[in-house]
Structure formats: C-alpha cells, structure tokens
Amino acid sequence: MGFEGLTYTVITFGCQMNKHDSEHVGGMLEALGALPVDAIKEADIVVYMTCCVREAADERLFGQVASMKNVPLREGSPLAKRIVALGGCIGQRDGEQIFSRLKNVSVVFGTHNLSSLPGLISSVLEDGSHHAEVKESSEAFPTDLPSTRETPWAAWLPITIGCDNFCSYCIVPYVRGREKSRPLDDIVKEAQSLVDDGVVEITLLGQNVNSYGRDLYGRPRFADVLDAVASSGVKRLRFATSHPKDLTDEVIGKFAALPALMPALHLPVQSGSDRILHAMNRRYTSDHYLQLIERLRASRPDIALSTDVIVGFPGETEEDFQATYDLIEKIGFHQVFSFIYSRRAHTPAAEMPDDTPRPVIQNRFDRLVSLVERQAEELNQADVGSLVDVLIEGASKKDKTRLVGKTPKHQTVHAPVPEGTSIENLRGTIEPIRIEKAGPWYLSGSLSSS
Ligand code: SAH
Ligand code: SF4
Ligand code: F3S
C-alpha cells in the first residue's frame, strides 16, 4: 500500500480531540507517501474530521461536503475521481448511512479506528467502490500512530479518551465511547520526546482530565500526571477540559506548586441554576463551583478563568437564566463560550419538554454575550502597562508586519515585528512584551528590548 504521487488535505471541525486526531491522519497518510496541500482543489484525498456536538456544526458539514462535488480534480492527478473520506464523530454516529446522504463520500470511519483509514482508502483505490468501518469501542489507547504537528513548538498530548459523564444534553459519550486513561509512563515518554523535539508548550487533553486514573484503580491521579509532565522540563503546561465535580484540591494546589503550569483554567459551568444543573446531570451546585473559584484564586491569584455556558436548556426559566447571569457576573471570566442549547437525538435532554420561544432564548444569549464582552475587556485592561512573557506564534493573518502570540493567561497579543527581525526567528520563542492597549479579545503592545 502506498500513496506516492497523491496529495491530501484534512478539514477539521470540533474540539481539540478532533484536531489531534487529524494530526494522526496527516501522519499516517504522509508515512505512506501522500503530500499535504492546503486547498481542496489541489487535493486527491480529502478527509473530513467531523463534529456533531451541536446541530449547526452537523448541518454545516453536510452542506460543505455536498457542495464540494463541484470542485474539479487538480490537473495531473493520477485519480479519475477524488477520494472523500469522512471520519470523526459524525462518522462514528452515522456509519455507512453517510453514503446514501452524501454520494461523493467513498470512505467512512469512526473515532475508534483512525488506523483503518489508509486501508479503507486503498480498498477504494483498488475497486472504485465505497467502504465504511466503524467500531463500537477502542481496544487500547491509540498511541503509536504516526503524527504531524500543526506547530513545531506546541503540542497536544491526550491523557484520556472518551467520557463517562453523560451530561444529559451531550452526545460526546455516545460518539467517543467510555473513558480510558493512558498509562502514565506512556504519557511521560511522549512528553519527554516532545520536549527533546523543541516543544515549549504541552496541552494535556481529555474530555474530563480530572477523572484521569479512575479506570486505573484510582492511581495515579491527574495531579500525578501534572507533576510527571512538568518534570519533563516543558516551559508551559496547560490542560483541557476540567469537570467541576472532579477538580480536586490536590490539582488546585498544583497551580501554586508548578511554575510551568500556566495561570489559566477552562472550567465549564454550563449554568448557574441548581435546578438546571441537576437536570443537566452535572452533579455539582453553583455554590460548589463558586468555592472552587475561591480556592483556585487563593492558590494562584492571577489565574485567568474561562468557561462554557448553555443558554436555553429545556425548561430554563427567566429566573434560571438570571442565576447564570449573576454567577458569571460575580466571578468575572476572561472568556465565556456561550452556546444556545441544541437538541441531540438519543440524549436524555432531547426528551425533556422544551417550549421556551426561540426569541426569548436569543435575547438571553445576547444579554450574556454583552456582559461577557464588558467583563473580558475590564480584565484585559488591568494588564495594560505590565510586561508579560508572550509565546510568539507567527505573523498576524491580517497584517504581516505584526506578530501574534499568547500570554501565560492565554490572552492573544499583537505587536509590531521589530525592524530588522525576521518573524521566522521569533516563532516559538517566548519574548517579553509591554502591554499598551487592551480590548475584550486581545492585547497589544511592543516587544521590550530590556
Ligand atoms: N468535555 C468538555 C467539552 C464538551 S463539548 C466538557 O465537558 O467541558 C464543549 C461544550 O459544548 C460543552 O461544554 C457545552 O457547553 C457545549 N455543548 C455540549 N452539548 C451541547 C448541546 N447539546 N447544545 C449546546 N451546547 C452543547
Ligand atoms: Fe459532554 Fe459532559 Fe462529557 Fe463534557 S463531561 S463531554 S459535556 S458528557
Ligand atoms: Fe465535537 Fe466530537 Fe469533539 S462531537 S466537540 S468533535 S468529541
């Protein structure tokens, strides 16, 4: 099996898990000789890594894949017809039903069998037919697949796959399977090889990293993973995502104890109403969440917090929404990802009475978004005048004379590229920047020569 002479592109939707899986897709195809290209029109093989967490993403995907049939194959392609493969969470959910809905798709695979993709593509190359393979669950943690990396200096490192939480609105447990922890020595080995490779920032990944080890008889725990990965010497360590019910004092303490652990935490709250939290099967109260925030701030006073909120969960009243609004206002987040509830078939919430009119939900959503924007700007303003270490990511897409990077708190910073400096030499380095201006979603400043 070889894909020499073929070009490929991967189009990714959804969360970091999918983005990381896409790096494996690229790694596998390149190991067999395929060459990466950016545009669909240049690609002989197009792989879609899909997401179905909300209806909008789902529909957009079907629209986009269907409209692709109008894009002609590149000149000089050895194929008679482009190979379109669909993987990720919609592949897992719909399996071969995809073929009747999207005639131009010839390969379907799921979240548990990434490694089947090259074989499925080969079968299509051989017989010109279509092939699907979806598995019920992963037998082992998929660690040995080849991989490409979007950026040489930053890496995602999965420590768990799957999710056992079954929040009542969420499809993820059905498409990603049961939670599995990766053996600690495996994690440490990968962290070390990433650091040896020049990686300065590692983000540990899992749907709920805090429950790491639950399937390994409770030991080691997530706090042990943090210690072990920090001792690889990585400069910046982050993790996502955390479930408030499983965030322990031990982990909170690591924000004070481990200098590499960046002062930023994404802690999805979903709602501020205890009645709604209960209906969501989140298994914590708003009070518990507030206490966690207090402890986090005691451990690391400069910690920047971000969260997810669902507006318009079935049965959400004005009072419930107000409780969410008040909680967000009281805490003050650097970023809030707000989502309008989206009904997902086969989840428990899909059966709950849901009669709040759409304009009412939209109005709540808009109120929340303006609160969040105001608070984010206020929090960012507090950094004006300070000197912060910024991990430089590259040139701004809009203006090549400006660079973009991330602060320890994960704020985006823009600054002019100093005269006589090549942006290529700055990419992946950590530089001090004096912050001069702040908006809700960015900071700007100048590289400090001191
Ligand atoms: N495992 C992570 C992220 C899961 S999906 C976690 O638990 O935080 C990311 C976010 O999508 C969730 O936090 C939730 O806010 C949102 N989400 C999930 N299902 C949704 C649905 N049916 N409708 C609207 N938003 C949803
Ligand atoms: Fe979905 Fe809840 Fe699992 Fe997150 S913790 S993936 S919201 S079921
Ligand atoms: Fe979407 Fe699947 Fe992630 S549904 S959010 S890509 S786990």
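The values are calculated or read from the model by the stated rules, or taken from the named source; none is laboratory data. Treat the numbers as computed from the prediction; the structure is a model and nothing was measured. Cβ atoms come from the backbone with ideal geometry, glycine included; neighbour counts cover every protein chain shown. Each accessible area value is taken on the protein alone, full model and side chains, heavy atoms only, with ligands, DNA and RNA left out. Shrake-Rupley method; radii C 1.70, N 1.55, O 1.52, S 1.80 Å.
Miscellaneous remarks
- One residue from 438, 376 being within 29 Å of residue 307 (Cα to Cα) and assigned by TED's automatic domain parsing to the domain that holds residue 305: 376
- Residue check, residue 416 open to solvent by 40 Å² or more (accessible area, probe 1.4 Å) and in the same structural domain as residue 302 (by TED's automatic domain parsing): no
- Test: residue in the stretch 346-363 that is at positive phi and within 16 Å of ligand 2 (Cβ to nearest atom): yes
- Some residue of the stretch 237-245 being of a type in the set (Val, Ile, Thr), out of contact with any strand residue (DSSP E or B) (no Cβ under 8 Å at 6 or more places or on another chain) and within 16 Å of residue 292 (Cα to Cα): no
- Cross-chain or 6+ apart pairs with Cβ under 6 Å, the stretch 220-249 first and over 18 Å from residue 408 (Cα atoms) and in a helix (DSSP H, G or I), then within 16 Å of ligand 1 (Cβ to nearest atom) and of a type in the set (Gly, Ala, Ser): 246/211
- Taking the criterion of being within 13 Å of ligand 1 (Cβ to nearest atom) and either under 27 Å from residue 301 (Cβ atoms) or aromatic (Phe, Trp, Tyr) (or both), the residues of the stretch 336-376 that qualify are 336, 337, 338, 339, 341, 365, 368.
- Scoring residue 80 on the criteria (1) within 16 Å of ligand 1 (Cβ to nearest atom); (2) more than 27 Å from residue 345 (Cα to Cα) leaves a single failure, condition (1).
- In the set 401, 407, only one residue is more than 16 Å from ligand 1 (Cβ to nearest atom) and open to solvent by 80 Å² or more (accessible area, probe 1.4 Å); that residue is 401.
- Here 424, 431 are screened, and the one residue that is touching a Gly at 6+ places or on another chain (Cβ under 9 Å), at pLDDT below 95, under 26 Å from residue 195 (Cα atoms) and not aliphatic (A, V, I, L, M) is 424.
- Residue 388, sole failed condition from (1) over 24 Å from the mean Cα position of the chain (by Cα); (2) closer than 24 Å to residue 166 by Cα; (3) part of a strand (DSSP E or B): (2)
- Within the stretch 413-443, the residues that satisfy the criterion of being part of a strand (DSSP E or B) and among the small types (Gly, Ala, Ser) are 415, 438.
- All positions within the stretch 362-385 that are in contact with a strand residue (DSSP E or B) (Cβ under 6 Å, 6 or more places away or on another chain) and closer than 17 Å to residue 319 by Cβ: 364, 365, 368
- Across the stretch 1-34, the qualifying residues are those that are part of a helix (DSSP H, G or I), within 16 Å of ligand 2 (Cβ to nearest atom) and open to solvent by 40 Å² or more (accessible area, probe 1.4 Å), and the one among them that is nearest to residue 240 (Cα to Cα) is 16.
- Test: residue in the stretch 265-281 that is part of a strand (DSSP E or B), on the phi < 0 side of the Ramachandran plot and within 15 Å of ligand 1 (Cβ to nearest atom): yes
- Residue tally, condition open to solvent by less than 30 Å² (accessible area, probe 1.4 Å) and closer than 21 Å to residue 199 by Cβ, over the stretch 230-254: 8
- Within the stretch 196-229, considering residues that are under 21 Å from the mean Cα position of the chain (by Cα) and open to solvent by 10 Å² or more (accessible area, probe 1.4 Å), the one nearest to ligand 2 (Cβ to nearest atom): 207
- Residue within the stretch 283-299 that is modelled with pLDDT of 95 or more, surrounded by 20 or more Cβ atoms within 10 Å (Cβ to Cβ) and assigned to a loop (DSSP other than H, G, I, E, B) present: no
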